[in-house]
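Following: one structure in C-alpha cells, then a few remarks.
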Amino acid sequence: MDPATLSRILTAETLAFHIIWATIGVGVPIFICIAEGWGIYKKDPHYILMARRWTRGFVITVAVGVVTGTSIGLMLSLLWPQFMQLVGHLISLPLFLETFAFFFEAIFLGIYLYTWDRFKKPVYHWLTSIPIIIGSSLSAVFITTVNAFMNTPAGFEMTKEGELTNLRPLEAMFNPAAPSKIAHVLSSAYVTCAFLLAAIAAYHLLKGKRNVYFKKAIKLTMVSGLVMALLTAVAGDLSGKFLAEHVPEKLAAAEWHFETQKEAPLILGGYLDENQEVQGAIKIPFALSILGKGHPNAEITGLNEFPEDERPPLYIHYLFDGMVAIGTYLILISALFLILLWRKKKAAWNPWILRGILIGAPLSFAAIEMGWIYAEVGRQPWIIRGIMKVEHAATTADHVGVLLFLFSLLYIALAVIATSVLIRLFRNNSPEQELEERGIIL
Amino acid sequence: MQLELIGITILWTFLYGYLIVASIDFGAGFFSYYSLLTRQEHIINGVINRYLSPVWEVTNVFLVFFFVGIVGFFPDTAYYYGTALLLPGGIALLLLSIRGSFYAFANYGARKSRTYLFLYGMTGLFIPASLSTVLTISEGGFIEKRGEEVHFLPWELLTSPYSWAVVLLAIVSVLFISASFLTYYAFKAGDKKAMEVLRTYALSWSGPTILSSLFVFAALSQHNMQHFENMFGLAWMFLLSLVCFLGAIILIWRRRALGWSFVLVMLQFAFAFYGYGISHMPYLLYPYVTVQSALTHSTMGWALVISFIAGLLLLIPSLFLLMRLFLFSAKYVRGEPK
Ligand code: HDD
Ligand code: HEM
Ligand code: HEM
C-alpha cells in the first residue's frame, strides 16, 4: 500500500480510538460536578460517593485520552506534513488555544483528585471541578473548529499560484461549519456519558443489587440524559441544515439524493442496485427538505451536480441512518423511563427498561463513531474541502506500515488493559463496601 | 522584538520547562524501579508518588504545547521534521504512550504491578534519549533535501559520535535533575531516610553530567564547527552554568539549603540550554530552515502571541495554586492526613 493509504488508516484508527476516551473526557466531568454539587446541596453522601467513584474511573480513561491525543497531535505532523504546513498558517490558533485548555484541565484535575478532604468547606472542592469542565469542553470546542475548517475553509484568500494571503485567523476559526458542529459534538459527548454512567448503574441493578445508590445514579443521569439527547437531535438537525447550505454533496451522498429536487424525501435503509436506483428503502416524503432547509417545499441539491471524482463514497448513507436511529432511540428510552418514574410506576425499574438503558451506552458510542466516520469520509476526496486533496497531503516517507502495526498493537493493549484495570478497580471496592466504610447509613 | 524572536523564545522556554518537569518525572520513574530492584522502594516511593501523582498530566502538556506551538509559529518545520522524523518520532510517541498510560494504571489502578513499574521506569530513560535526537538532527547532516523530497539519513545518525554524546547527556541529566529535586522534596517531607538515599543518587550522577557535557562540546566541534564557534562566543553562559552546578553540588554535599541547591540546578540547565539555543540561532534545521524562513504569516503569529499572553494570565495563577497545594504545602508533602 502507498504511504497515503497507510496514513489514512493509521489516522482513522488513532482518531476512532481517541474519540472514545476524548468523549468520556468531555462528558464525565459534567456529571461528576453535578453529582458532587447535588450531594453537597442535598447533604446526601450517596451523590458525593458517586462523584468520587466516577472520578476514580475517570482518571484512568483520561490517561488513555491523553496519550492517544498526544499521538494524534504529533501524528498530524508526521503523517500529514503538507497539510500541517498549510494549516499551520491558517488554523494553528485554535490548536494552540487547545493546549491552554489542556493545561487548565490538567492542573485542576490534579487538584481535584488529591484534595477531596483537604478543604474546610466541601464547596471549595466542588468549585475546582468547574475548571475541569471548562478545560475539557473548550478543548473539544477548539479541536472541533479545526475539523470544521477542514469542511468549510474560511478566513483567507488564495492567489492563482496557490499562495495564501489576507489571513484572518478568527474567521478561519469561526468558519461556517463551526457553530453547528461544536453544538453537536458537545451535546453528543454529554449524552453519551449520561448513558455510560447510567448503564453502569443499570448493570448493577440487573445483577440484583438493591442499593438506592444505583437508583439515584440512574435518576440523575437519565434526567440529564434526556435533556442532552434532545439537544443532540436539535444540534444534529442544525448540522443537517448547515450541510444542505454549505456542503450539499455530503448530505446528498448520505441521503442517496442524486437529482436536485424540491419536496425531497428522506431515505432510510435500503440498498443501491446496478443502476444506482434505491431499492427496499423507507421513504419519508418531504423529510429531507425539512431536515435540510426547514421547509417541505425547499430544493435540495443532488449529487449529480458534482463532478464524479469529487463525490464521497455512498456507504456513508448507512452511517448517517445508524446515527439518527440511535439518536431517536436514546430520546425514547430516557423519556420512557422518566415518564414511568414520574407516574410512580414500579415498571420504571423493570429489567427490560434497565436493559434498554444498558444498551444505550454502547449504542451512543457507536453513534459517535458513525457520526465521525460519516463526517470524515463524507469529505472525501478532500482533506481541506476545495483546497487540498488527501493524496497531496500525506507523507512520502516509507515505514508508515511499521508504525501502523506498532500502534495497532498499542491500541489493542491499551483497550484491554484499561478495561481490566477499571473492572478490577471497581470490583475490589463495591459501592456497598464503601458506603459501609465511610459510615453512610442506608 | 521581532515576531520570530518572540516565537522562538516562547517555545524554547516551554521546552526548558518540559526539560525540568519531565526530567523529574522520567528520573523518578527510573529510581522507583531501581529501588524496587534494590529493595529500597519502601524508603523512597512514598515521596516520589506524592509528588508525581497530581502533576503527571501537566508534564505531558508541556510537550504538547511545544510541538503544537512550533507548527503554529513555524509551519515549515512540520514539513521538514514531519517527513524526516516519521520513524524516530513514531517510536518516541509509542514510548510516551506506554509510559503515560502505565503510570495511570499502576497508580490509580487497583494494584501495583512489577511489569507496569518496569515499563514505566525504562521508558523514562528511552524517551529522553529519543527526544534528544531531534536536537541532534537540527544540527544538520542527518536530513538531506534531494530535489523537492526530504530524506532522513538514519545510518549517519546512528554512527555519529555527536548523536551518542547527546543521548548520553540527556539520560544522565535526567537522572541528575530528578535526584536533586527529589532530595529537596524528601527533605521538605522531613523524610531523612529517603533524603539520604536520594542524595547519594544526586551526587553520583553529578560527575557523569559534567563529563558528558564536555563530551558533547568536543563532539559538536567535530560535527558543526560554525555552531561550536557561536557557542564559544557565549562562553560566559556556559561558565555560569558550571558555577551553578558547583554551587548546587556543594550544597547537596553539605546537606544545606536544598531548595536553593535545586534552584541552582535549574539555573545550571537554564544557562546551558539557553546558551545552546542562542548559539543555534537562526537555524531551526541547519542549513535548510531558519526562524525567518519558516515563520508563519504575521497576522497568525501575532494572534498566537496574544493568545499566549491571555493563556498565561490563566495558567500562572492556576499553576501557583497547584504548587501551593502540592509543593509548598508542608502538610501534604509530609503525607499527613488532613
Ligand atoms: C451520541 C452521538 C450522536 C447522536 C445520537 C447523533 N449524532 Fe450526529 N454526529 C455525532 C454524534 C451523534 C458526532 C460524533 O458528534 C458528529 C461527527 C462529526 C460531528 O461534527 O459530529 C455527528 C455528525 C453529524 C452530521 C454531520 C455534520 C458534518 O459533517 O458537518 C449530521 C448532519 C448529524 N450528525 C445529524 C444528526 C441527527 C439529525 C441526529 C438525530 C438525532 C444525530 N446526528 C444524532
Ligand atoms: C477534530 C477532529 C478531527 C480531525 C482534525 C481529523 C482529521 C483527519 C485527517 C487529517 C484525516 C486524513 C485525511 C482524510 O482521509 O480525509 C482524517 C481521516 C479520517 N478520520 Fe478524521 N479527524 C477528526 C476526527 C475524527 C474522528 C473523531 C474520527 C472517528 C471516530 C475520524 C475518523 C476518520 C476516518 C474514518 C478517516 C478516514 C477517511 C478516509 O480516508 O476515507 N475523524 N481525519
Ligand atoms: C485531530 C484531532 C485531535 C487532536 C490533534 C487531538 C489532540 C489531543 C491531545 C494532544 C490530547 C492530550 C492533551 C494532554 O496532554 O492533556 C488530547 C486529549 C483530549 N482530546 Fe483530543 N485531539 C483530537 C480530537 C479530539 C476530538 C474530536 C475531541 C472531542 C470531541 C477531543 C477531545 C479531547 C479531550 C477532552 C482531551 C483531554 C483528555 C481527557 O481529559 O480525556 N479530541 N487530544
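Values quoted throughout were computed directly from the atomic coordinates according to the rules given, and no laboratory measurement underlies them. As the structure is a prediction and not an experimental result, all values here were calculated from the model. Neighbour counts run over all protein chains shown; Cβ positions are idealised from the backbone, glycine included.
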| Calculated P(r) tail over 51 Å for the protein assembly as shown, as whole % of Cα pairs | 17 percent
| query | Across the residues of B:84-96, average count of Cβ atoms on other protein chains within 10 Å? | reply | 6
| query | How large is log10 I(q)/I(0) at q = 0.13, 0.22, 0.25, 0.30 Å⁻¹ when the Debye formula is applied to the Cα atoms of segment A:304-349, each weighted equally and without solvent? | reply | -0.51, -0.78, -0.85, -0.97
| What is the helix-to-structure angle for A:178-206, meaning the angle in degrees between its Cα long axis and the longest Cα principal axis of chain A, kept from 0 to 90 and rounded to the nearest 10? | 40 degrees
| Rg/Rh ratio calculated on Cα atoms of segment B:3-333 (Kirkwood radius) | 0.96
| request: Determine the calculated [θ] at 222 nm for chain A from helices alone, applying -39500 (n - 2.57) to every DSSP H run no shorter than 4 residues and normalising by the residue count; nearest 500 deg cm²/dmol. | output: -24500 deg cm²/dmol
| message | Testing the spin-label approximation: label points 7 Å from Cα along Cα→Cβ at A:Leu314 and B:Ile278. State their distance in nm. | response | 6.7 nm
| Highest mean first, what order results for A:357-368, A:27-38, B:142-153 on Cβ atoms within 10 Å? | A:27-38, A:357-368, B:142-153
| Partner chain coverage, peptide A:80-87 - average Cβ within 10 angstrom | 6
| query | Cα-Cα over 25 Å: which of A:Lys121/A:Lys344; A:Lys160/A:Lys181; A:Lys207/A:Lys346; A:Lys42/A:Lys121? | reply | A:Lys121/A:Lys344; A:Lys160/A:Lys181
| Can you pull the Rg over Rh of segment A:59-113, Cα-only, Kirkwood? | 1.07
| said: Run the simple label-point estimate for B:Leu319 and A:Glu259 please: 7 Å along Cα→C-beta, distance reported in nm. | reply: 6.4 nm
| If R0 is 45 Å, what FRET efficiency do you get for A:Arg210 and A:His392 from their C-beta distance, rounded to 0.05? | 0.15
| query | What residues have an amide H closer than 5 Å to that of A:Ile383, excluding those fewer than 5 places away on the same chain, when H is modeled at 1.01 Å from N in the peptide plane? | reply | A:Met388, A:Lys389, A:Val390
| Where in segment A:127-218 are there GluC sites (Glu not before Pro) that are in a DSSP coil and have at most 10 other Cβ atoms within 10 angstrom of their Cβ? | A:Glu161, A:Glu163
| request: Just the number, please: Stokes-Einstein D of chain A in µm²/s, Kirkwood Rh from C-alpha pairs, 4 °C, 1.567 mPa s. | output: 55 µm²/s
| Pairwise FRET efficiency - A:Val416 versus A:Trp352, Cβ, R0 = 25 Å, nearest 0.05 | 0.20
| Against the longest alpha carbon principal axis of chain A, how many degrees, from 0 to 90 and to the nearest 10, is the axis of helix A:400-427 turned? | 20 degrees
| Anisotropy class of segment B:222-288 from Cα gyration tensor, a/c 1.5 cut | prolate
| field | A:Lys121 paired with B:Ile306, simple spin-label distance in nm, labels 7 Å along Cα-to-beta-carbon | value | 3.7 nm
| message | Which of A:Lys160, A:Lys43 has the fewest other C-beta atoms within 10 Å, and how do the rest follow up to the most? | response | A:Lys160, A:Lys43
| note | Mean other chain Cβ within 10 Å across A:118-124 is 1
| request: Kindly state, to the nearest 0.05, the FRET efficiency for B:Phe217 paired with B:His42, given R0 = 45 Å and r defined as their beta-carbon distance. | output: 0.65
| request: Report relative contact order for chain A in percent, whole number only (criteria: Cα-Cα under 8 Å, sequence separation at least 6). | output: 19 percent
| note | The extension gain from A:Tyr41 to A:Asn304, computed as 0.36 nm times the residue separation minus the Cα-Cα distance, is 88.8 nm
| field | With Cα atoms, 0 to 90° folded angle of helix B:75-84 axis to chain B main axis | value | 80 degrees
| request: Based on the mean of other Cβ atoms within 10 Å per residue, sort peptides A:405-413, A:102-110 so the most packed one is first. | output: A:102-110, A:405-413
| query | In the Gaussian network model of chain A, springs joining C-alpha atoms below 10 Å, which of A:His184, A:His89, A:His246 carries the largest mean-square fluctuation? | reply | A:His89
| note | Expected max-MSF residue from A:Ser137, A:Ser289, A:Ser187 in the GNM of chain A (alpha carbon, under 10 Å) is A:Ser289
